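Have a look at the structure below before the remarks.
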Amino acid sequence: MKARIVEVTKPDGKIMYVIQQKHWLFRWSWVPASMNTYEWVTDTFSTEKEAKKNLCWFDGTKSKCRVIS
């Protein structure tokens, strides 16, 4: 598994969904996906549906290219 979604309940009761990946620096522990990139990325979402929709950016899914001309 290259990425996972974790449900986090804040002290005020708000639920957030965080995409996590393993990180070599922390003994391959799960960390927020933004720690594995040099760019700013969004890895926390307000709904599970939204997190699942964006999981493809972190789970190793490749882009598909098609020659059109």
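The values are calculated or read from the model by the stated rules, or taken from the named source; none is laboratory data. Every value quoted in this text rests on a predicted model; they were computed, and no experiment measured them. Reconstructed Cβ throughout: ideal geometry from the backbone, glycine too, with neighbour counts over all protein chains shown.
Restricting attention to segment 1-28, the residues that are over 17 Å from Gly60 (Cβ atoms) and either assigned to a loop (DSSP other than H, G, I, E, B) or modelled with pLDDT of 85 or more (or both) total 14. Among the residues of segment 29-46, at least one is under 19 Å from Thr61 (Cβ atoms) and more than 12 Å from the chain's Cα centre (by Cα).
The combined condition, being out of contact with any helix residue (DSSP H, G or I) (no Cβ under 9 Å at 6 or more places or on another chain) and closer than 12 Å to Ala3 by Cβ, is fulfilled by Lys52.
Of all residues in segment 29-47, those satisfying the criterion of being in a loop (DSSP other than H, G, I, E, B) and surrounded by 11 or more Cβ atoms within 10 Å (Cβ to Cβ) are Thr37, Val41, Thr42, Asp43, Ser46, Thr47. For segment 48-69, a residue qualifies if it is among the polar types (S, T, N, Q) and surrounded by 10 or more Cβ atoms within 10 Å (Cβ to Cβ), and the qualifying residues are Asn54, Thr61.
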